[in-house]
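Q: Sharing a structure, written as C-alpha coordinates. Questions coming.
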Amino acid sequence: MSMSTLKTPVMNNIAKRCYASKTAAALSIKGPQVQTKKLPNNSLVVAVPDYPTKIGRVSVTFLAGSRYEDPENAGIAHLVRSSAGLSTELSSTFSIIRNLGHLGTNYYVSSDRETITYTIEAHKDNLVSSLKYFIESISNQSFKPWELSDNLKRVQYELLTIPPEVRVLDLAHKAAYRNTLGNTVFLPKYNIKKLGSEHLLYYVKKNFNNQNAIISSVGVDVDTLVHISEDLNLPNGDANCTTKAKYFGGDLRKSKSLDATYLAVVGEGVSYKDSQSASFAVLQYLLGKGSSVKWGVGQGVLEQNILKANCPDNFAVSALNFNYSDSGLFGFLLAYNGKDVSNVLKAAVQSLRSPTVTETEVNRAKKQLIFSLVSASESSTGVLENITHQAVTSGQVLPFEKLIAAVEAVTVEDVKKAAGKVAGSKLSLAGYGNVATTPYLDNL
(Lines give C-alpha, C1' and ligand atoms only; values in the text may rest on other atoms or scores of the structure.)
Protein backbone atom coordinates (compact mmCIF):
# COMPACT_ATOMS: atom_id res chain seq x y z
CA MET A 1 0.00 0.00 0.00
CA SER A 2 1.27 3.50 -0.77
CA MET A 3 1.81 6.16 1.87
CA SER A 4 0.70 9.74 1.16
CA THR A 5 3.92 11.31 2.46
CA LEU A 6 5.43 12.00 -0.93
CA LYS A 7 2.33 12.78 -2.99
CA THR A 8 2.96 15.89 -5.08
CA PRO A 9 0.24 18.55 -5.54
CA VAL A 10 0.96 18.81 -9.27
CA MET A 11 0.39 15.11 -9.81
CA ASN A 12 -2.68 15.04 -7.58
CA ASN A 13 -4.23 17.77 -9.71
CA ILE A 14 -4.04 15.59 -12.81
CA ALA A 15 -7.07 13.56 -11.76
CA LYS A 16 -9.01 16.63 -10.67
CA ARG A 17 -8.30 18.55 -13.86
CA CYS A 18 -8.86 15.57 -16.23
CA TYR A 19 -5.42 15.30 -17.77
CA ALA A 20 -5.60 15.60 -21.57
CA SER A 21 -4.57 12.49 -23.44
CA LYS A 22 -3.35 14.47 -26.46
CA THR A 23 -0.01 16.22 -26.16
CA ALA A 24 -1.13 18.65 -28.88
CA ALA A 25 -3.53 20.24 -26.38
CA ALA A 26 -0.61 21.33 -24.23
CA LEU A 27 1.40 22.46 -27.25
CA SER A 28 -1.42 24.76 -28.38
CA ILE A 29 -1.15 26.78 -25.18
CA LYS A 30 1.26 29.68 -25.40
CA GLY A 31 3.14 30.71 -22.32
CA PRO A 32 3.45 34.25 -20.99
CA GLN A 33 5.83 36.64 -22.70
CA VAL A 34 9.06 37.02 -20.71
CA GLN A 35 11.20 40.14 -20.84
CA THR A 36 14.81 40.19 -19.64
CA LYS A 37 17.26 43.05 -19.28
CA LYS A 38 20.80 43.31 -18.02
CA LEU A 39 21.13 46.62 -16.19
CA PRO A 40 24.24 48.84 -16.33
CA ASN A 41 24.88 47.94 -12.68
CA ASN A 42 25.02 44.24 -13.74
CA SER A 43 21.79 43.22 -12.02
CA LEU A 44 19.56 40.94 -14.09
CA VAL A 45 15.89 41.90 -14.49
CA VAL A 46 13.26 39.35 -15.57
CA ALA A 47 9.59 40.26 -15.95
CA VAL A 48 6.28 38.82 -17.13
CA PRO A 49 4.32 42.11 -17.28
CA ASP A 50 1.25 40.97 -19.24
CA TYR A 51 0.22 38.06 -17.05
CA PRO A 52 -3.57 38.29 -16.43
CA THR A 53 -3.62 39.02 -12.70
CA LYS A 54 -4.54 41.89 -10.41
CA ILE A 55 -1.80 40.87 -7.98
CA GLY A 56 1.71 42.14 -8.63
CA ARG A 57 4.53 39.87 -7.48
CA VAL A 58 8.15 40.96 -7.19
CA SER A 59 11.16 38.91 -6.07
CA VAL A 60 14.66 40.12 -5.30
CA THR A 61 17.06 37.17 -5.34
CA PHE A 62 20.69 37.08 -4.26
CA LEU A 63 23.26 34.40 -4.95
CA ALA A 64 23.86 34.01 -1.24
CA GLY A 65 22.65 30.51 -0.36
CA SER A 66 24.31 27.93 1.84
CA ARG A 67 26.85 26.89 -0.81
CA TYR A 68 28.61 30.23 -0.27
CA GLU A 69 29.00 29.75 3.48
CA ASP A 70 32.27 29.00 5.24
CA PRO A 71 32.58 26.22 7.84
CA GLU A 72 32.75 28.88 10.57
CA ASN A 73 29.44 30.52 9.63
CA ALA A 74 27.48 27.40 8.65
CA GLY A 75 23.75 28.12 8.63
CA ILE A 76 24.07 31.89 8.33
CA ALA A 77 21.90 32.00 5.19
CA HIS A 78 19.13 30.33 7.21
CA LEU A 79 19.57 32.96 9.93
CA VAL A 80 19.48 35.82 7.42
CA ARG A 81 16.23 34.44 5.99
CA SER A 82 14.69 34.01 9.44
CA SER A 83 15.68 37.58 10.38
CA ALA A 84 13.90 39.18 7.43
CA GLY A 85 11.50 41.96 8.38
CA LEU A 86 13.33 42.99 11.55
CA SER A 87 14.04 46.64 12.21
CA THR A 88 16.03 48.55 9.62
CA GLU A 89 17.98 51.77 9.92
CA LEU A 90 14.80 53.78 9.26
CA SER A 91 11.83 51.60 10.29
CA SER A 92 10.98 49.36 13.21
CA THR A 93 9.67 45.83 12.88
CA PHE A 94 6.27 47.06 14.02
CA SER A 95 6.24 49.77 11.37
CA ILE A 96 7.10 47.33 8.57
CA ILE A 97 4.51 44.76 9.63
CA ARG A 98 1.84 47.36 10.38
CA ASN A 99 2.17 49.20 7.07
CA LEU A 100 2.44 46.12 4.88
CA GLY A 101 -0.54 44.59 6.66
CA HIS A 102 -2.55 47.78 6.21
CA LEU A 103 -1.86 47.61 2.47
CA GLY A 104 -2.90 43.95 2.29
CA THR A 105 0.59 42.88 1.30
CA ASN A 106 2.12 39.43 1.65
CA TYR A 107 5.88 39.43 2.29
CA TYR A 108 7.97 36.29 2.64
CA VAL A 109 11.56 35.12 2.26
CA SER A 110 12.91 31.77 1.12
CA SER A 111 16.41 30.35 0.85
CA ASP A 112 18.05 27.30 -0.65
CA ARG A 113 21.52 26.08 -1.54
CA GLU A 114 22.16 28.85 -4.04
CA THR A 115 19.91 31.78 -3.21
CA ILE A 116 18.08 33.94 -0.71
CA THR A 117 14.87 35.36 -2.22
CA TYR A 118 12.70 38.20 -0.90
CA THR A 119 9.18 38.24 -2.38
CA ILE A 120 6.31 40.68 -2.09
CA GLU A 121 2.71 40.18 -3.27
CA ALA A 122 0.17 42.98 -3.36
CA HIS A 123 -2.75 44.32 -5.34
CA LYS A 124 -1.36 46.45 -8.14
CA ASP A 125 -3.06 49.53 -6.67
CA ASN A 126 -1.06 49.09 -3.45
CA LEU A 127 2.17 47.65 -4.80
CA VAL A 128 4.07 50.93 -5.21
CA SER A 129 3.25 51.97 -1.63
CA SER A 130 4.38 48.56 -0.34
CA LEU A 131 7.69 48.66 -2.18
CA LYS A 132 9.05 51.34 0.17
CA TYR A 133 9.10 48.92 3.12
CA PHE A 134 10.05 45.96 0.96
CA ILE A 135 13.14 47.70 -0.43
CA GLU A 136 14.15 49.05 2.95
CA SER A 137 13.94 45.64 4.60
CA ILE A 138 16.42 44.33 2.02
CA SER A 139 18.99 47.07 1.60
CA ASN A 140 19.00 48.63 5.08
CA GLN A 141 19.00 45.64 7.39
CA SER A 142 20.55 46.39 10.78
CA PHE A 143 20.28 43.05 12.66
CA LYS A 144 20.03 44.61 16.10
CA PRO A 145 21.43 42.19 18.73
CA TRP A 146 18.39 42.32 21.02
CA GLU A 147 16.04 41.55 18.12
CA LEU A 148 18.21 38.64 17.01
CA SER A 149 18.13 37.33 20.56
CA ASP A 150 14.32 37.53 20.60
CA ASN A 151 14.22 35.80 17.20
CA LEU A 152 16.18 32.76 18.42
CA LYS A 153 13.05 31.03 19.72
CA ARG A 154 11.53 31.27 16.27
CA VAL A 155 14.68 29.77 14.73
CA GLN A 156 14.68 26.93 17.26
CA TYR A 157 11.02 26.24 16.49
CA GLU A 158 11.81 26.11 12.77
CA LEU A 159 14.55 23.56 13.41
CA LEU A 160 12.22 21.40 15.48
CA THR A 161 9.51 21.34 12.80
CA ILE A 162 11.64 20.36 9.79
CA PRO A 163 9.95 17.32 8.15
CA PRO A 164 12.01 14.11 8.12
CA GLU A 165 11.90 13.88 4.32
CA VAL A 166 13.53 17.32 4.12
CA ARG A 167 16.14 16.27 6.68
CA VAL A 168 17.10 13.20 4.67
CA LEU A 169 17.44 15.24 1.47
CA ASP A 170 19.81 17.57 3.31
CA LEU A 171 21.87 14.56 4.37
CA ALA A 172 21.87 13.26 0.80
CA HIS A 173 23.45 16.47 -0.45
CA LYS A 174 26.07 16.28 2.28
CA ALA A 175 26.89 12.68 1.34
CA ALA A 176 27.06 13.54 -2.35
CA TYR A 177 29.08 16.76 -2.32
CA ARG A 178 30.66 17.10 1.17
CA ASN A 179 31.00 20.88 0.69
CA THR A 180 29.62 23.65 -1.60
CA LEU A 181 26.21 22.15 -2.53
CA GLY A 182 26.71 19.74 0.35
CA ASN A 183 26.53 22.54 2.93
CA THR A 184 23.44 22.20 5.10
CA VAL A 185 20.62 24.65 4.45
CA PHE A 186 19.75 24.66 8.15
CA LEU A 187 21.39 26.46 11.04
CA PRO A 188 23.38 23.90 13.10
CA LYS A 189 22.62 23.89 16.80
CA TYR A 190 26.22 24.75 17.68
CA ASN A 191 25.91 28.04 15.74
CA ILE A 192 22.53 29.17 17.07
CA LYS A 193 24.03 31.46 19.71
CA LYS A 194 27.43 31.88 18.06
CA LEU A 195 26.34 33.84 14.98
CA GLY A 196 25.46 37.41 15.86
CA SER A 197 24.83 40.83 14.41
CA GLU A 198 28.36 41.37 13.07
CA HIS A 199 28.37 38.01 11.27
CA LEU A 200 25.06 38.74 9.55
CA LEU A 201 26.02 42.29 8.57
CA TYR A 202 29.28 41.07 7.05
CA TYR A 203 27.57 38.24 5.13
CA VAL A 204 24.91 40.57 3.72
CA LYS A 205 27.48 43.23 2.80
CA LYS A 206 29.60 40.61 1.03
CA ASN A 207 26.80 38.91 -0.92
CA PHE A 208 23.98 41.43 -1.37
CA ASN A 209 25.35 43.40 -4.31
CA ASN A 210 24.39 44.18 -7.89
CA GLN A 211 26.54 41.40 -9.34
CA ASN A 212 24.62 38.79 -7.34
CA ALA A 213 21.13 40.29 -7.71
CA ILE A 214 18.25 39.06 -9.86
CA ILE A 215 15.00 41.04 -9.80
CA SER A 216 11.99 39.17 -11.20
CA SER A 217 8.29 39.87 -11.36
CA VAL A 218 4.88 38.78 -12.62
CA GLY A 219 2.29 41.44 -13.42
CA VAL A 220 4.87 44.21 -13.09
CA ASP A 221 6.71 45.85 -16.00
CA VAL A 222 10.46 46.05 -16.54
CA ASP A 223 10.61 49.82 -15.93
CA THR A 224 9.28 49.33 -12.40
CA LEU A 225 11.93 46.70 -11.74
CA VAL A 226 14.62 49.12 -12.99
CA HIS A 227 13.38 51.69 -10.46
CA ILE A 228 13.44 49.04 -7.74
CA SER A 229 17.06 48.27 -8.60
CA GLU A 230 17.90 51.96 -8.36
CA ASP A 231 16.10 52.36 -5.04
CA LEU A 232 17.82 49.31 -3.59
CA ASN A 233 21.09 51.16 -4.19
CA LEU A 234 23.12 47.99 -3.81
CA PRO A 235 26.91 48.17 -3.79
CA ASN A 236 28.91 47.13 -6.86
CA GLY A 237 30.69 44.22 -5.24
CA ASP A 238 32.29 41.19 -6.82
CA ALA A 239 30.20 38.34 -8.17
CA ASN A 240 30.09 35.35 -5.88
CA CYS A 241 32.74 32.83 -6.79
CA THR A 242 32.80 29.37 -5.34
CA THR A 243 34.51 26.13 -6.21
CA LYS A 244 32.59 24.14 -8.79
CA ALA A 245 30.52 21.53 -6.99
CA LYS A 246 32.26 18.17 -7.17
CA TYR A 247 30.31 14.96 -6.76
CA PHE A 248 31.95 12.44 -4.42
CA GLY A 249 29.25 10.03 -3.21
CA GLY A 250 28.94 8.60 0.24
CA ASP A 251 26.75 7.17 2.98
CA LEU A 252 25.21 9.18 5.82
CA ARG A 253 22.47 8.19 8.23
CA LYS A 254 20.98 9.59 11.40
CA SER A 255 19.00 7.42 13.77
CA LYS A 256 15.86 8.97 15.25
CA SER A 257 12.99 7.57 17.25
CA LEU A 258 10.51 7.48 14.37
CA ASP A 259 8.10 4.81 13.20
CA ALA A 260 9.18 5.24 9.58
CA THR A 261 12.45 5.04 7.69
CA TYR A 262 13.26 7.87 5.29
CA LEU A 263 15.88 7.13 2.65
CA ALA A 264 17.32 9.08 -0.25
CA VAL A 265 19.50 7.40 -2.87
CA VAL A 266 21.00 9.66 -5.52
CA GLY A 267 23.61 9.60 -8.26
CA GLU A 268 25.23 12.39 -10.22
CA GLY A 269 22.80 14.30 -12.41
CA VAL A 270 23.23 17.39 -14.58
CA SER A 271 23.01 21.16 -14.18
CA TYR A 272 19.94 23.02 -15.38
CA LYS A 273 21.76 24.44 -18.42
CA ASP A 274 23.14 21.07 -19.49
CA SER A 275 21.93 19.76 -22.85
CA GLN A 276 20.65 16.60 -21.13
CA SER A 277 18.50 18.40 -18.55
CA ALA A 278 15.27 17.75 -20.50
CA SER A 279 16.13 14.04 -20.76
CA PHE A 280 16.66 13.84 -17.00
CA ALA A 281 13.33 15.60 -16.42
CA VAL A 282 11.56 13.00 -18.56
CA LEU A 283 13.43 10.21 -16.78
CA GLN A 284 12.19 11.55 -13.45
CA TYR A 285 8.57 11.27 -14.56
CA LEU A 286 9.25 7.86 -16.08
CA LEU A 287 10.46 6.61 -12.69
CA GLY A 288 7.52 8.33 -11.03
CA LYS A 289 6.77 11.41 -8.93
CA GLY A 290 3.92 9.86 -6.98
CA SER A 291 0.39 8.83 -7.79
CA SER A 292 -1.84 10.77 -10.18
CA VAL A 293 -4.82 9.82 -8.01
CA LYS A 294 -5.10 10.35 -4.27
CA TRP A 295 -4.40 7.10 -2.42
CA GLY A 296 -3.81 5.42 -5.76
CA VAL A 297 -0.92 3.39 -7.09
CA GLY A 298 1.72 5.40 -8.95
CA GLN A 299 2.34 4.93 -12.64
CA GLY A 300 6.11 5.18 -12.28
CA VAL A 301 8.58 2.36 -12.73
CA LEU A 302 9.88 2.75 -9.16
CA GLU A 303 6.58 2.14 -7.42
CA GLN A 304 5.54 -0.66 -9.77
CA ASN A 305 8.78 -2.57 -9.16
CA ILE A 306 8.49 -2.19 -5.40
CA LEU A 307 4.93 -3.54 -5.54
CA LYS A 308 6.22 -6.56 -7.49
CA ALA A 309 8.59 -7.26 -4.60
CA ASN A 310 5.47 -8.02 -2.47
CA CYS A 311 6.21 -5.35 0.10
CA PRO A 312 4.07 -6.16 3.18
CA ASP A 313 4.05 -2.66 4.69
CA ASN A 314 3.19 0.88 3.66
CA PHE A 315 5.64 2.86 1.56
CA ALA A 316 5.90 5.94 -0.63
CA VAL A 317 8.50 6.63 -3.27
CA SER A 318 9.23 9.54 -5.58
CA ALA A 319 11.97 10.20 -8.12
CA LEU A 320 14.28 13.16 -7.46
CA ASN A 321 15.90 15.50 -9.95
CA PHE A 322 17.87 18.46 -8.57
CA ASN A 323 19.34 20.83 -11.18
CA TYR A 324 21.74 23.48 -9.94
CA SER A 325 23.89 26.02 -11.78
CA ASP A 326 26.89 23.70 -12.12
CA SER A 327 25.80 20.22 -11.04
CA GLY A 328 22.84 18.05 -10.20
CA LEU A 329 21.55 15.00 -8.36
CA PHE A 330 19.20 12.30 -9.60
CA GLY A 331 17.65 9.46 -7.62
CA PHE A 332 14.69 8.73 -5.38
CA LEU A 333 13.20 9.44 -1.97
CA LEU A 334 11.68 6.49 -0.12
CA ALA A 335 9.55 6.36 3.04
CA TYR A 336 8.78 3.01 4.63
CA ASN A 337 7.13 2.12 7.94
CA GLY A 338 8.02 -1.57 8.13
CA LYS A 339 10.61 -3.27 10.30
CA ASP A 340 12.94 -4.33 7.48
CA VAL A 341 13.50 -1.87 4.66
CA SER A 342 16.23 -3.84 2.87
CA ASN A 343 14.00 -5.61 0.29
CA VAL A 344 12.13 -2.43 -0.61
CA LEU A 345 15.34 -0.42 -0.88
CA LYS A 346 17.05 -3.03 -3.07
CA ALA A 347 14.05 -3.10 -5.44
CA ALA A 348 14.13 0.70 -5.71
CA VAL A 349 17.90 0.81 -6.30
CA GLN A 350 17.59 -1.86 -8.98
CA SER A 351 14.97 0.29 -10.73
CA LEU A 352 17.31 3.28 -10.55
CA ARG A 353 20.24 1.37 -11.98
CA SER A 354 18.36 -0.38 -14.76
CA PRO A 355 14.94 1.21 -15.34
CA THR A 356 12.56 -0.09 -17.98
CA VAL A 357 12.80 2.53 -20.72
CA THR A 358 10.25 1.84 -23.45
CA GLU A 359 8.58 4.12 -25.97
CA THR A 360 5.28 3.75 -24.11
CA GLU A 361 6.81 4.75 -20.78
CA VAL A 362 8.72 7.67 -22.32
CA ASN A 363 5.59 9.02 -24.01
CA ARG A 364 3.65 8.75 -20.76
CA ALA A 365 6.43 10.57 -18.88
CA LYS A 366 6.62 13.33 -21.50
CA LYS A 367 2.87 13.95 -21.29
CA GLN A 368 2.99 14.21 -17.51
CA LEU A 369 5.98 16.55 -17.63
CA ILE A 370 4.28 18.78 -20.19
CA PHE A 371 1.18 18.87 -18.04
CA SER A 372 3.21 19.97 -15.01
CA LEU A 373 4.76 22.80 -17.07
CA VAL A 374 1.35 23.91 -18.32
CA SER A 375 -0.11 23.68 -14.83
CA ALA A 376 2.69 25.80 -13.36
CA SER A 377 2.15 28.46 -16.03
CA GLU A 378 -1.47 28.87 -14.88
CA SER A 379 -0.32 30.26 -11.55
CA SER A 380 1.49 33.58 -11.29
CA THR A 381 3.34 32.21 -8.27
CA GLY A 382 4.48 29.22 -10.33
CA VAL A 383 5.57 31.47 -13.19
CA LEU A 384 7.58 33.67 -10.84
CA GLU A 385 9.33 30.67 -9.29
CA ASN A 386 10.06 29.24 -12.74
CA ILE A 387 11.60 32.36 -14.27
CA THR A 388 13.59 33.09 -11.13
CA HIS A 389 15.01 29.57 -11.04
CA GLN A 390 15.98 29.74 -14.70
CA ALA A 391 17.66 33.12 -14.24
CA VAL A 392 19.62 31.85 -11.23
CA THR A 393 20.80 28.57 -12.73
CA SER A 394 21.42 29.59 -16.34
CA GLY A 395 21.48 33.39 -16.47
CA GLN A 396 18.61 33.47 -18.95
CA VAL A 397 14.93 32.54 -19.25
CA LEU A 398 13.70 30.32 -22.07
CA PRO A 399 10.25 31.02 -23.52
CA PHE A 400 7.54 28.59 -22.50
CA GLU A 401 7.26 27.26 -26.05
CA LYS A 402 10.96 26.32 -26.08
CA LEU A 403 10.60 24.40 -22.83
CA ILE A 404 7.74 22.39 -24.31
CA ALA A 405 9.69 21.85 -27.55
CA ALA A 406 12.72 20.61 -25.58
CA VAL A 407 10.55 18.01 -23.84
CA GLU A 408 8.91 16.94 -27.09
CA ALA A 409 12.34 16.49 -28.69
CA VAL A 410 13.47 13.95 -26.09
CA THR A 411 13.76 10.45 -27.56
CA VAL A 412 13.92 7.00 -26.03
CA GLU A 413 17.67 6.95 -26.68
CA ASP A 414 18.09 10.26 -24.87
CA VAL A 415 16.35 8.88 -21.80
CA LYS A 416 18.44 5.70 -21.94
CA LYS A 417 21.62 7.81 -22.03
CA ALA A 418 20.45 9.78 -18.99
CA ALA A 419 19.61 6.55 -17.16
CA GLY A 420 23.01 5.15 -18.12
CA LYS A 421 24.78 8.16 -16.67
CA VAL A 422 23.02 7.71 -13.33
CA ALA A 423 23.69 3.95 -13.37
CA GLY A 424 27.38 4.55 -14.03
CA SER A 425 27.65 7.09 -11.24
CA LYS A 426 28.70 6.26 -7.71
CA LEU A 427 25.53 6.36 -5.62
CA SER A 428 24.99 8.26 -2.40
CA LEU A 429 22.69 7.08 0.38
CA ALA A 430 21.17 9.09 3.22
CA GLY A 431 18.96 7.70 5.97
CA TYR A 432 16.88 9.36 8.68
CA GLY A 433 14.64 7.84 11.31
CA ASN A 434 14.51 4.10 11.97
CA VAL A 435 17.66 3.15 10.03
CA ALA A 436 18.63 0.01 11.98
CA THR A 437 17.88 -2.35 9.06
CA THR A 438 19.05 -0.04 6.29
CA PRO A 439 21.73 -1.74 4.13
CA TYR A 440 24.96 0.07 3.32
CA LEU A 441 25.86 0.99 -0.24
CA ASP A 442 28.27 -1.90 -0.67
CA ASN A 443 25.38 -4.30 0.01
CA LEU A 444 23.08 -2.84 -2.62
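Q: Where does helix 342-353 land angle-wise versus the long Cα axis of the chain, in degrees 0 to 90, nearest 10?
A: Its long axis makes an angle of about 80 degrees.
Q: Could you derive backbone 3J(HN,Hα) for segment 43-57 from the dihedral phi with the Karplus parameters 6.51, -1.76 and 1.60 (θ = phi - 60°), listing whole Hz in sequence and x where the residue is Gly or Pro?
A: With coefficients 6.51, -1.76 and 1.60, one gets 6, 9, 10, 10, 9, 10, x, 9, 5, x, 8, 8, 9, x, 10 Hz.
Q: Want the number for Lys194 to Asn236: 0.36 nm per residue separation, take away the alpha-carbon distance, what's left?
A: 12.2 nm
Q: A further question follows. I'd like the per residue volume of the convex hull spanned by the Cα atoms of the chain, given in cubic angstrom.
A: Looking at the chain, the number lands at 141 Å³ per residue.
Q: Could you work out how far helix 93-102 tilts from the main Cα principal axis of the chain, as a 0 to 90 degree angle to the nearest 10?
A: 80
Q: Keeping all protein chains in place, calculate the accessible area per residue for segment 315-405 (probe 1.4 angstrom), answer in Å².
A: That works out to 35 Å² per residue.
Q: If you line up the long axis of helix 277-287 against the longest principal axis of the chain, both from Cα atoms, how many degrees apart are they, to the nearest 10?
A: Orientation of helix 277-287: about 50 degrees from the principal axis.
Q: Is it possible to state the helix-based mean residue ellipticity at 222 nm for the chain, with each DSSP H run of 4+ residues giving -39500 (n - 2.57), the sum divided by total residues, to the nearest 500 deg cm²/dmol? What is it?
A: Computed mean residue ellipticity for the chain: -13000 deg cm²/dmol.
Q: With r as the distance between the Cβ atoms of Thr358 and Ala405 and R0 = 25 Å, compute the FRET efficiency 1/(1 + (r/R0)^6) and round to 0.05.
A: Using R0 = 25 Å, I get an efficiency of 0.65.
Q: Simple spin-label model, 7 Å along Cα-to-Cβ: Ser275 to Lys426 in nm?
A: In this crude label model, Ser275 to Lys426 measures out at 2.7 nm.
Q: Quick one: grab the alpha carbon gyration tensor of segment 230-376, order the square roots of its eigenvalues as a ≥ b ≥ c, and give me rounded if a/c is under 1.5, else prolate or oblate depending on whether a/b is larger than b/c.
A: Since a/c reaches 1.5 and a/b is larger than b/c, the shape of segment 230-376 is classed as prolate.
Q: A further question on this structure: Classify segment 95-227 as rounded, prolate or oblate from the Cα gyration tensor: take a ≥ b ≥ c as the square roots of its eigenvalues, call it rounded if a/c is under 1.5, otherwise prolate when a/b beats b/c and oblate if not.
A: prolate
Q: Could you list the residues of segment 178-211 with an amide nitrogen less than 11 Å from a label point located 7 Å from the Cα of Thr243 in the Cα-to-C-beta direction?
A: 178-181
Q: Here is a follow-up. Note down the relative contact order for the chain as a percent, whole number, built from C-alpha pairs under 8 angstrom at least six residues apart.
A: After rounding, I find 24 percent.
Q: Exposed loop GluC sites (Glu not before Pro) only (DSSP loop, at most 12 other Cβ atoms within 10 Å): please give the longest stretch of the chain free of them, not including the sites.
A: 90-377
Q: Sticking with this structure for a sec: List, in order, the whole-Hz ³J(HN,Hα) value for each residue of segment 311-316 obtained from phi through the Karplus relation with A = 6.51, B = -1.76, C = 1.60 and θ = phi - 60°; use x for Gly and Pro.
A: 5, x, 10, 6, 8, 9
Q: Please work out the C-alpha center-to-center distance from segment 202-248 to segment 427-444 and express it in whole Å.
A: Answer, in whole Å: 39.
Q: Something else: Taking the simple approach of a point 7 Å from Cα along Cα-to-Cβ for both Ser394 and Lys254, what is their distance in nm?
A: In this crude label model, Ser394 to Lys254 measures out at 3.4 nm.
Q: Sort segment 385-444 into rounded, prolate or oblate with this rule: let a ≥ b ≥ c be the square roots of the eigenvalues of the Cα gyration tensor; rounded if a/c is under 1.5, and if a/c is not under 1.5, prolate when a/b is larger than b/c, oblate otherwise.
A: oblate
Q: Here is a further query. In whole percent, and with a 1.4 Å probe on the protein chains, what portion of the accessible area of segment 79-193 is carbon and sulfur?
A: Ligands and nucleic acids excluded, carbon and sulfur reach 54 percent.
Q: If you count only protein heavy atoms with a 1.4 Å probe, what accessible area per residue comes out for segment 89-244, rounded to a whole Å²?
A: Dividing the accessible area of segment 89-244 by its residue count gives 50 Å².
The values are calculated or read from the model by the stated rules, or taken from the named source; none is laboratory data. Everything numeric here is computed off the predicted structure, so don't read it as measured data. Every residue, glycine as well, gets a Cβ built from its backbone with ideal geometry; the counts of neighbours run over all protein chains shown. Calculation scope for accessible area: heavy atoms of the full protein, side chains included, ligands and nucleic acids excluded. Shrake-Rupley method; radii C 1.70, N 1.55, O 1.52, S 1.80 Å.
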